[in-house]
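Participant: Got a structure for you, written out below as structure tokens; questions coming shortly.
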Amino acid sequence: MDEIKHREQVDLIREVFYYQSRFDGKTIVLKIDYPILNAPHFPQLLKDLAMLRATGIEIILVPGAKEWIDAVLKEYDTESEWVKDVRIATQDSIPFIRMAAFDVANRLMTLLTAFQANSVIGNFTRARGLGVVEGVDFQNTGRVEKILKEPLQQILDQGMIPIFPCIGWNAAGKPYNLSSDEIALAVAEALQAEKLFFVTDSDGFMDSRFSLPPGLVKNSDGRVARLSLEEAQEVLTLNAGNPDPDLKYLDLALKACKNGTERAHVVDGRMEGAILREIFSNLGIGTMVYGNDYESIRPMKTTDIGDVLRLMQPLMEEGILIKRTEDDLMSRQGDFVVYEIDGVVHACGALHDFGQGQGEIAAIATNPNYAHLSMGRKILSYLVEKAVKQTMTRVFVLTTRTVDWFEQLGFVEAPLDSLPEKKQQTYNHARKSRIFALELKDRKTIKS
Ligand SMILES: CC(C)(COP(=O)(O)OP(=O)(O)OC[C@H]1O[C@@H](n2cnc3c(N)ncnc32)[C@H](O)[C@@H]1OP(=O)(O)O)[C@@H](O)C(=O)NCCC(=O)NCCS
């Protein structure tokens, strides 16, 4: 047990190193919903961000202020009218809106100061009034015209954390109330940020709340872990008309990725360590939309052999997989494939050609920390497709403890004499492995 814990810790440290070097000098933009500022872990969240900044990751904060603006306007008996999702900032209300927006930005600055991080509340947002739309005068409500990249970059180069209140100014200095979501999107695009976070106060993409297409990668709590651009679009289409605010964030995340941000995340900010876990672990705890290659199954390289042996080691010790050495893997390198997430190998498998149109699927192993994420099924499916491409007509597997899994995926128990002669000769009668096979004649892949 201690050994497993130890391995898990080492794996985690490796992942952290990997991501730390990957994100060094890169920019992460965080839009933080106002209610999160009142969550018990919020000071810890800012402490984490201050630490990230100190390690060389550029952090930009865009706090939402909607609920605080509402409270301040109420306090000063000022009306605030909404058209669809847009607040009309009247001449009377704009001073209070400005006050509330800067108040929120100040709260972040104060906390960052306590954690020895230098920050700047800046006027980096050029704005333009929304004007009169379909007969509605939006007065002092505006939209982002552009982000002033140069001064912003100078601030970042000095190691500071820029904070964006939800206010922008036109060239003459007139202030407009802006949407923080829009600012965050514009900043991420202007700086081609590595990541954009929407830190929300909701549970995220649980399958209980949304119509979700089949085949998505989910974590054990039922939350969607990641979505490609196509999958994100599919979720939006399936849930069109659903007013759940998480869908708004998904839409923004999709836009951000299309506009050049590598990855956009929707994360429940009420969870302790949410941002660190989402940045530094392949598993994360939010939902990530990714526009680039994130995961892939590919042939095993020589440099992967150590990782593959590490995956198989505990399973070989338990007798679940037969023993293989580095030399065994070297000599059959072309048979092996790995499942890689962000440069880290998390699963493996092999297809050995035994002639007579038959191939053996072997050495399928998933990192236990990444179980139930369909990696095993995807590796198996990849190997079956590989067998079909190699014009094999049948694949078989020898297994002692994974019978149900293969049966569930369409494999059927088969007798020893149905195996190619070469395999029959080497069958280990003492091990008593059961034999399961999948006929490939009319089949292109396994059951999903
Ligand atoms: C079998 C194995 C590859 C599955 O990997 P995985 O990535 O977790 O699998 P998937 O996500 O595709 O499928 C998970 C499902 O398989 C089932 N499953 C996992 N291991 C199983 C086993 N040993 N027996 C029966 N079913 C199993 C789980 O119940 C799970 O269902 P759920 O997600 O609905 O709860 C993995 O558990 C493993 O590495 N096992 C040890 C090595 C091994 O047995 N290899 C096969 C012999 S070559």
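The values are calculated or read from the model by the stated rules, or taken from the named source; none is laboratory data. Treat the numbers as computed from the prediction; the structure is a model and nothing was measured. So basically every Cβ, Gly included, is an ideal-geometry build from the backbone, and we count neighbours across all protein chains shown. Keep in mind that these areas ignore ligands, DNA and RNA; they rest on the heavy atoms of the full protein, side chains included. Shrake-Rupley method; radii C 1.70, N 1.55, O 1.52, S 1.80 Å.
Participant: Of the residues that make up the range 98-111, is at least one open to solvent by 80 Å² or more (accessible area, probe 1.4 Å), farther than 26 Å from Glu189 by Cβ and without any contact (Cβ under 8 Å) to a residue 24 or more places away in the chain? Even if it seems obvious, please write down each step before you answer.
Facilitator: Taking the range 98-111 as the starting set, the residues that turn out to be open to solvent by 80 Å² or more (accessible area, probe 1.4 Å) are 98-99, 107, 110.
When the remaining residues are screened for being farther than 26 Å from Glu189 by Cβ, the result is 99, 107, 110.
The next check asks that each one be without any contact (Cβ under 8 Å) to a residue 24 or more places away in the chain; those that pass are 110.
Yes, the range 98-111 contains at least one residue that is open to solvent by 80 Å² or more (accessible area, probe 1.4 Å), farther than 26 Å from Glu189 by Cβ and without any contact (Cβ under 8 Å) to a residue 24 or more places away in the chain.
Participant: Do we have any residue at all in the range 5-17 that's in contact with a strand residue (DSSP E or B) (Cβ under 9 Å, 6 or more places away or on another chain), more than 19 Å from Asn177 (Cβ to Cβ) and open to solvent by 50 Å² or more (accessible area, probe 1.4 Å)? Can you show your working first?
Facilitator: Applying the first criterion (in contact with a strand residue (DSSP E or B) (Cβ under 9 Å, 6 or more places away or on another chain)) to the range 5-17 yields 11, 14-15.
Then keep just the ones that are more than 19 Å from Asn177 (Cβ to Cβ); that gives 11, 14-15.
With the extra rule that they be open to solvent by 50 Å² or more (accessible area, probe 1.4 Å), the set shrinks to 14.
Looking for residues that are in contact with a strand residue (DSSP E or B) (Cβ under 9 Å, 6 or more places away or on another chain), more than 19 Å from Asn177 (Cβ to Cβ) and open to solvent by 50 Å² or more (accessible area, probe 1.4 Å), one finds at least one in the range 5-17, hence yes.
Participant: Just need a number here: residues in the range 338-380 that are more than 9 Å from the ligand (Cβ to nearest atom), within 23 Å of Thr393 (Cβ to Cβ) and open to solvent by 10 Å² or more (accessible area, probe 1.4 Å).
Facilitator: The qualifying residues number 7.
Participant: Quick one: in the range 401-416, which of the residues that are open to solvent by less than 50 Å² (accessible area, probe 1.4 Å) and part of a loop (DSSP other than H, G, I, E, B) is farthest from the ligand (Cβ to nearest atom)?
Facilitator: Taking the candidates together, the pick is Ala414.
Participant: Restricting to the range 283-299, and then to whatever is open to solvent by less than 30 Å² (accessible area, probe 1.4 Å) and in contact with a helix residue (DSSP H, G or I) (Cβ under 6 Å, 6 or more places away or on another chain), can you tell me which residue is nearest to Ile4 (Cα to Cα)? Let's see the steps before the verdict.
Facilitator: If we filter the range 283-299 for residues that are open to solvent by less than 30 Å² (accessible area, probe 1.4 Å), which is where we start, we get 284-289, 294.
Right, trim to in contact with a helix residue (DSSP H, G or I) (Cβ under 6 Å, 6 or more places away or on another chain) and you get 284-286, 289.
Numbers: Gly284: 20, Ile285: 22, Gly286: 26, Val289: 31 Å.
For the range 283-299, the residue satisfying everything is Gly284.
Participant: Could you list, in sequence order, all residues of the range 227-242 that are open to solvent by 30 Å² or more (accessible area, probe 1.4 Å) and either on the phi > 0 side of the Ramachandran plot or part of a loop (DSSP other than H, G, I, E, B) (or both)?
Facilitator: Ala240, Gly241, Asn242
Participant: Still on this model: When the residues of the range 381-394 are filtered to those that are open to solvent by 40 Å² or more (accessible area, probe 1.4 Å) and of a type outside the set (Val, Ile, Thr), which remaining residue is farthest from the ligand (Cβ to nearest atom)?
Facilitator: Only one residue fits best here, namely Lys389.
Participant: Shifting gears a bit: Criterion first (crowded, with 20+ Cβ neighbours inside 10 Å, in the same structural domain as Thr27 (by TED's automatic domain parsing) and at pLDDT 95 or above) does Gly142 satisfy it?
Facilitator: Values: crowded, with 20+ Cβ neighbours inside 10 Å: yes; in the same structural domain as Thr27 (by TED's automatic domain parsing): yes; at pLDDT 95 or above: yes.
Answer is yes for this residue.
Participant: Let me confirm something: among Ala437, Ala414, Ala363, which residue is modelled with pLDDT of 95 or more and in contact with a Phe, Trp or Tyr (Cβ under 6 Å, 6 or more places away or on another chain)?
Facilitator: Details: Ala414 fails: in contact with a Phe, Trp or Tyr (Cβ under 6 Å, 6 or more places away or on another chain); Ala363 fails: in contact with a Phe, Trp or Tyr (Cβ under 6 Å, 6 or more places away or on another chain).
From the options Ala437, Ala414, Ala363, the qualifying one is Ala437.
Participant: Looking at (1) surrounded by 15 or more Cβ atoms within 10 Å (Cβ to Cβ); (2) in contact with a helix residue (DSSP H, G or I) (Cβ under 9 Å, 6 or more places away or on another chain); (3) modelled with pLDDT under 95, which is the only condition Ile320 fails?
Facilitator: (1)
Participant: Would you point out which residue out of Val224, Val120 is assigned to a strand (DSSP E or B), touching a helix residue (DSSP H, G or I) at 6+ places or on another chain (Cβ under 7 Å) and open to solvent by less than 40 Å² (accessible area, probe 1.4 Å)? Can you show your working first?
Facilitator: Values: Val224 fails: touching a helix residue (DSSP H, G or I) at 6+ places or on another chain (Cβ under 7 Å).
So the residue among Val224, Val120 that is assigned to a strand (DSSP E or B), touching a helix residue (DSSP H, G or I) at 6+ places or on another chain (Cβ under 7 Å) and open to solvent by less than 40 Å² (accessible area, probe 1.4 Å) is Val120.
Participant: Got at least one residue in the range 243-253 being surrounded by 16 or more Cβ atoms within 10 Å (Cβ to Cβ), within 20 Å of Tyr18 (Cβ to Cβ) and either touching a Cys at 6+ places or on another chain (Cβ under 7 Å) or in contact (Cβ under 8 Å) with a residue 60 or more places away in the chain (or both)?
Facilitator: No.
Participant: A further question follows. Which numbered condition in (1) without any contact (Cβ under 8 Å) to a residue 60 or more places away in the chain; (2) under 10 Å from Gly204 (Cβ atoms) is the only one that Asp268 fails?
Facilitator: Unmet condition: (1).
Participant: Can you tell me which of (1) in contact (Cβ under 8 Å) with a residue 12 or more places away in the chain; (2) outside any loop (DSSP other than H, G, I, E, B); (3) charged (D, E, K, R) is the one Lys5 doesn't meet?
Facilitator: Result: Lys5 fails condition (1) only.
Participant: Within the range 23-39, can you find the residues that are part of a helix (DSSP H, G or I) and touching a residue at least 12 places away in the same chain (Cβ under 8 Å)?
Facilitator: Going through the range 23-39, the residues part of a helix (DSSP H, G or I) turn out to be 23, 34-38.
Selection gives Phe23, Tyr34, Pro35, Ile36, Leu37.
Participant: Among Val308, Val289, which is the only one that is under 25 Å from Asp207 (Cα atoms) and either among the β-branched types (Val, Ile, Thr) or assigned to a loop (DSSP other than H, G, I, E, B) (or both)?
Facilitator: Details: Val308 fails: under 25 Å from Asp207 (Cα atoms).
After applying the criteria, what remains is Val289.
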